[in-house]
Each structure stands twice: as structure tokens, then as C-alpha cells.
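Novice: So that we are looking at the same thing, I have put the structure below in C-alpha cells.
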Amino acid sequence: MLILASASQSRKKLLENCQIEFIQISSDFDETTIKEKNIFNLALELSFQKANRLSENIQNISLPEEFNYGPLEILGCDSIFEFKGEAYGKPSNKEEAFIRWKKMSGESGFLHTGHTLIIGSFNSTSKIFKITEIRKKTVSSRVYFSYLEDWEIKSYIDTNEPLYCAGGFALEGIGGRYIEKIEGCFSNVMGLSLPWLRENLYR
């Protein structure tokens, strides 16, 4: 059984579209407790902490009745957009989103997604989760943005979509029309590298 330790709707849709069976349980890890300055490492550490938090509390989670004992994989992910060495999470308001898009217009940046897969087995009777392996990797994709007029930026921000996305854009949403091209994993820009997951689930 695969558990997605995230409330992300885009990650949920990616897994559903690929017909990967999973259940979604949001991790309650406090991201502000991590002070890593390296963006690449920060994404990886946050993904691990989200998955690890869920693995530590698995005995308190109501799993499906048909799951009694067996393999269990917990997937944690975290995405951070890097633009000219600066980390861009979710914009705090429309003003911040506008300023960011003014900078990003006609430029490119990197979407880093940290992936952690905690693999083990869970006994629902004893409530013991035994970890057998942990696999981690940050996958990076380069995103190229179209040149936008101020009115286009404002129109996009008024949809509120940028306020809920790392970097202030959603490839799978309205923001997709403002992206010229991508170098690297496509699904990674939506928060989860499906090739990485496939390789590590079936290895």
C-alpha cells in the first residue's frame, strides 16, 4: 500500500491519472522548524520530515479495513522554486505574486521537488511499522516562462491560482499557458516525478 503524505491535489491527480493505488493522508509536520539554507537540500529534508512524521504516527491512523499486514510505502514530497538563487515558496499575497512574476517574465528558474519513500511493513494488530529502507532524491526541472505584459500578470494573479502554488504558478492549471518549455521531468513541476516513483516502487 502506498500512502501519499501530502494534502496536494496536484500530486493526488498525478497518481490517480496513472492508476497508481494509494491513500492520501496529510502530514502535520511543521515546515518552519527546518532552517536549511541550500534550496536543493531543503526540498529533500522537508520531504523526508513529512514522510517520517507520518511513519511515526502510523499506529494512530485509520487504514482501510482490507489492509491487515504487509508492505507499506510512505511518500513525502516538497517542492521549492528557485529563481536566481532565491527560494520561492507560495506567495503570501497578490502583491508579492505580482512582483515575482515581473521578475520571472521572459526568464527561467528551477523547480526542485524533494522525494522520500519510506518502505516497510505494518502490523495492524501490534501497530508496529518496521522500516526496511528509505529512498530519497531531489529532482530538478528547469522552467522557462513567456514574456508577459503587466495586464496579463494581473489577470493571472486575480484568478488566485498563484497564491496556492510553489513559485506562484501551476503548470497543470491556468499557469500552463505562460510556460514556454521545460527541461527535465514534466510531472516533477507538478510536485511529483512519476518516473522516479515508478522506478523506486518497482525496483
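The values are calculated or read from the model by the stated rules, or taken from the named source; none is laboratory data. Predicted, not measured: the structure shown is a model, and the values here were computed from it. Cβ coordinates were reconstructed from backbone atoms using ideal geometry, including for glycine residues, and neighbour counts include every protein chain displayed. Please note that ligands, DNA and RNA were not included when accessible areas were found on the heavy atoms of the full protein model with its side chains. Shrake-Rupley method; radii C 1.70, N 1.55, O 1.52, S 1.80 Å.
Novice: Distance between the C-alpha centers of region 78-145 and region 171-203? Whole Å please.
Specialist: Centre-to-centre (Cα) distance: 11 Å.
Novice: Check residue 146: other-chain or 5+ apart residues with amide H under 5 Å from its amide H, H built from backbone geometry?
Specialist: Sorted by chain and number, the residues that satisfy this are 106, 179, 180.
Novice: In Å and from the alpha-carbon atoms only, list the Rg and Dmax of region 123-202.
Specialist: Every Cα atom of region 123-202 included, Rg and Dmax give 18.2, 60 Å.
Novice: Going Cα to Cα from residue 102, which aspartates and glutamates come in below 19 Å? Please leave out same-chain ones fewer than 8 positions away.
Specialist: Within the straight-line cut-off, residue 102 pairs with 82, 86, 149, 150, 152, 158, 161, 180.
Novice: For the chain, what is the calculated [θ] at 222 nm in deg cm²/dmol (nearest 500), taking -39500 (n - 2.57) for each run of four or more DSSP H residues and dividing by its residue count?
Specialist: -8000 deg cm²/dmol
Novice: Relative contact order (percent) for the chain, with alpha-carbon contacts under 8 angstrom and 6 or more residues of separation?
Specialist: After rounding, I find 22 percent.
Novice: Follow-up. Excluding residue 54 itself, calculate the net charge of residues whose Cβ lies under 12 Å from the Cβ of residue 54, where each Lys or Arg counts +1 and each Asp or Glu counts -1.
Specialist: Around residue 54, the charge tally is -1.
Novice: At 10 °C and 1.306 mPa s, grab the translational diffusion coefficient of the chain from Stokes-Einstein with a Kirkwood Rh over Cα pairs, rounded to a whole number in µm² per second.
Specialist: Calculated translational D: 90 µm²/s.
Novice: For the chain, find the longest principal axis of its Cα atoms and tell me its angle to the long axis of helix 39-56, 0 to 90°, nearest 10.
Specialist: Value to nearest ten degrees: 30.
Novice: Just to confirm the filter: which chymotrypsin sites (Phe, Trp or Tyr not before Pro) across region 24-122 are DSSP coil and have at most 13 other Cβ within 10 angstrom of their Cβ?
Specialist: The qualifying sites are 67.
Novice: Could you grab the Rg to Rh ratio for region 87-150? Cα atoms only, Kirkwood for Rh.
Specialist: Reported Rg/Rh, Kirkwood definition of Rh: 1.29.
Novice: With equal scatterers on the alpha carbons only and no solvent term, can you work out the Debye log10 of I(q)/I(0) for region 42-121 at 0.17, 0.21, 0.26 1/Å?
Specialist: -0.76, -0.94, -1.19
Novice: If you don't mind, another one. Averaging the inverse of every distinct alpha carbon separation and then flipping it gives the Kirkwood radius. What is it for region 1-62, in angstrom units?
Specialist: About 12.8 Å for region 1-62.
Novice: Just to confirm a number: summing +1 for Lys and Arg and -1 for Asp and Glu over residues other than residue 130 whose beta-carbon lies under 14 angstrom from that of residue 130, what do you get?
Specialist: Net local charge, residue 130 excluded: -2.
Novice: Could I ask something else about it? What number comes out for accessible area per residue over the chain if the probe is 1.4 Å? Units Å², please.
Specialist: 52 Å²
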